[in-house]
Structures are given as C-alpha cells and as structure tokens.
Amino acid sequence: MKAQNESVSRRDFLLTSAAVLTPPLLFGMPKLAPSADGKLNHACIGVGGMGAHDLKNFLQHPRVNITAICDVDANILKTASELVPNARTYSDWREMLEKEKKNIHSVNVSVPDHTHFSAAYQAIKAGKHVYCQKPMCHDVAEVRLLTEIAVKAGVITQLGTQVASTSCDRTAVQLIKDRTIGKIKHVYLCSNRPGAIDTYRLVGPRPAQGEPAPANLNWDLWLGSAPERPYAPAIYHQAKWRAWQDFGTGWSGDIGCHIFDAVWKGLGLKAPKSVVAEVQQTWKDSPARRGDTWPQGDHITWVFPGNDFTESDELTLEWFDGLFYPPEDIRALYSVEKYPAESALLVGTEGSLLIPHGGAAPILLPEAKFAQKQMPKFESRNHYHHFVDACLGGEKTESHFAQSGPMTEAILLGTVALRTPNEVLQWDAKKLSFPNHPDANKYLRRTYRKGWQIKGAF
C-alpha cells in the first residue's frame, strides 16, 4: 500500500482522499480519479446572486472545468449556462449530485441558508470537496454535524468568508497572534452598513395569501427543507429571503461570519460560555414579527473562556448592527476618520486594533504610538482559487470547516439569543444545549419539511 501511495502525486491523493480515509460503506464515496487534463471538475449549486459571483471566480481558475450547474430558477440557469455552454444543467441539486457523482470532484453551495446543510452534507457523503457560502448552515446543530462529517471524510472545505483571504484580515490575524496590542480585554464588532435596513430587513408580516410562482421558478425546490409557504413576489426570491427566520439567519448570522473571522482566528477562540441579546423594541413587542422575521437591529454579547491571548479568564465580545452602535467612547478611539460602519475593534492592554471590513489594512491605535511599527506583510489572494489549489494538492484552505464550523456555531448561538431577548443563555457545548434555559433548545435545530429529511442526519 505504501509503495502504491508513493507512486501517485499529492494532487491525485487529495482528489481521492475521502475515499481513502473513510470506509465506503459509511459514506458511499466513489474513488474518483482526476480528470484526464489534470483539472478539477467542479459543479455549482446555485448560480444566481452570490452564486453568479462564485461561478465567475471558479471559472477564472485555469485548472477548473465547470462540469455542471444547478438552479431552481430557469432564467438564472439559462444566463449562467451562457458562460459555461458545455456544462450540464439541473434544477434539482439532488439529481445533479446523483448523476454527476462519477464526474465531479467538488461543488460550491451558493443557495439560501436553509439549504446549505442538505446540499453540503450530501456532497460530502459523495466524497466531494465543498466550498459553502456563509453562514455554513441555518442551525447550530447542522453546523456541528457538517463540521464533524467533513473532518471525518477528509475532504477539502472552505467557508465563503472571502475577506478572510484579504491582506487586511490576514495581517490582522498575525498582529493579534504577535500580541502587538498586548493581551485582549474586550472586543467590539459592528455592521451598520448604510441602507441595509431598507434593502434587506423586511418588517413583515408574511402575506396572508400567496400567488402562483412564475413559470421559471420551481418554488417547491426553492423551499426545500423549509416549511411550506405560498410564493409571494419580491419578498423571498432572490435576496429578500435573509429577512425571514425560515430561510435566513439575520444580519448577524450572515455578515457576522465576515466580521468575526480574523478575531476568531487570531485569538483562537473556542465555544462561548454564554450569550445574551438586546433587540429592537418594536420587533420585541410584536408577536407576529418575532415569529417570522429577524429584528432590524440588535446587540449580542458573548462571554468566551479566556486563554493566553486575553487579559483575564473570560473575554466579552459584543456585536452591534442596524439600530445599535458600539459605545461612543469606543468609536472615539479612532479619530482620524469616521468610524468604519463594518469593523472589528480589539481593545488590548497596550493599545487597540481596528479591522475595517474589506479595508486596505488593519489600524493600530493610538496611531502615534504605533507610527513606527513595522507591519507584517501578507498578500491578498483569491479565496475561491485558494480552495481549488487545495483540492489540487496545495496548502490548507483559509477557512476550512474544522476552523470555521465552531466559529459559525458561536455566531448562530447569537441568533438563538435574538429569539429569547434579554435572557442570558448558558451554553453547554458538549451537550449542545442551554442547561439554564431548556426552552431555547428548540431553536438549535428546526424540523425539516416532509420529504426533505436526510437519512442519517435530520
């Protein structure tokens, strides 16, 4: 066996690693040889919205063959197929995975949050490498299981936190690890993007009556595992689904994955000890809105166990979005320009570190103290291409599931706290439960619609 392994390239090994590392009877993974031209055969699940962006990035890699594409919207699928005319087209990702299982090495999952787990889980079971848009899943329990099977299968994974591959975020991680600002006392995260409330955060309520879905949209497939709901125009498909609890994870669950990332990696955070949320009062006072939509603003506070990078044995991390902002004295730490609307700020014993979301570089504060600081140098890289390169034998991905899964889990605990506002939820990570608030456990995993349950999972 050793001699055989030595005769194949590292690229070939990684392309078939799931079949080697995992018993076929457990996951049913075919041993798939690389394509004849040495390229990665890739399939896209979801090619509209962010999925269109993802498709274009994978297409630009010189060693990728886009073999198949899938979307529930025929118009979107047609537009995408014009970019990849040789790719086979599907409306149902389940059919695609079944028919293409011997042809593809990898997939990207770029569909609404409520479908992430189902598609990614089945792809991993089939031995495929998976790039999944953030958040990894809709529910905490889904994240835990998907992380576990991905690690067990040995497939290459990447969460769609593209800013994690930028020079700004990569540099910030190193500055934290180097203890440039000393030991960390407190962390403030925010996403107060101008116009986001009006564009993405619907007040509701859901329409009392729906209407027939347009001929180009397979509404049943779009719903997937989510509860049955009549179609209504302009509020679900496409981007508006994020506002609804059945489909999205709210602003913190979505954008939070970006803002958290460098902080999580730099500090090496683990599961939080507790989480509590303050929410928009009008949302809190409306049973109809609380049962359907996410609030238009919230303030979430986690308490994490301390470690060698923190000042004490606990670290408080706060999130602000929409109608809630970091305290004025915190924003005043950066006085050169307006405080970035989306950013992370770490307050340390020797200074502070500001990480603007999508910024050119992290900022050490106070500026005068660190004016002569020699910054580490990290180049930005294409997050998608880094995944492809890893599938072809390159270095480990920036946001692999073993790392980004626990982070997503912590973020989604915040969405549970939103549903039980002002209640401090103590978290038992091993038991996946809130021992002090059992009623909140029902928000850790939803019930899948009949016919969409996954054998061996939920």
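FYI, it's all coordinate maths here, none of it is from the lab. What you are looking at is a predicted structure, and each value in this text was computed from that prediction instead of being measured. Every residue, glycine among them, receives a Cβ derived from its backbone with ideal geometry; neighbour counts consider all protein chains shown.
Values computed for the structure shown
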| item | result |
| --- | --- |
| Reachable lysines from Lys273, criterion Cα separation under 17 angstrom, eight or more residues apart if same chain | Lys185, Lys430, Lys431 |
| Global form of the range 305-458, assessed from the alpha-carbon gyration tensor, a/c cut-off 1.5 | oblate |
| Virtual paramagnetic centre 7 Å along Cα→Cβ of Lys99, amide N under 20 Å, in the range 37-59 | 41-48 |
| Loop-located GluC sites (Glu not before Pro) in the range 343-412 whose Cβ has at most 16 other Cβ within 10 Å (DSSP) | Glu350, Glu367, Glu379, Glu395 |
| Lys, Arg +1 and Asp, Glu -1 on Cβ, resulting dipole of the chain about Cα centre, debye, nearest 20 | 1120 debye |
| Farthest positive-ward along the range 320-392 dipole, Cα basis, beta-carbon charges - from Ala361, Ser343, Tyr325 | Ala361 |
| Relative contact order %, the chain, counting alpha carbon pairs below 8 Å whose residues are six or more apart | 21 percent |
| Added length on full extension, which subtracts the Cα-Cα distance from 0.36 nm per residue, Ala208 to Lys152 | 15.7 nm |
| Added length on full extension, which subtracts the Cα-Cα distance from 0.36 nm per residue, Thr282 to Lys56 | 77.3 nm |
| Exposure proxy order (Cβ contacts within 10 Å, fewest to most) of Ser343, Ser252 | Ser343, Ser252 |
| Given Lys101/Lys177; Lys240/Lys265; Lys102/Lys450, the pairs whose alpha carbons are separated by over 32 Å | Lys101/Lys177 |
| Global form of the chain, assessed from the alpha-carbon gyration tensor, a/c cut-off 1.5 | oblate |
| Förster-model FRET efficiency, 30 Å R0, Glu423 and Lys338, C-beta, rounded to 0.05 | 0.30 |
| Pairwise FRET efficiency - Asp308 versus Ala361, Cβ, R0 = 25 Å, nearest 0.05 | 0.45 |
| Label point distance in nm, Ala215-Asp439, each placed 7 Å from Cα along Cα→Cβ | 5.0 nm |
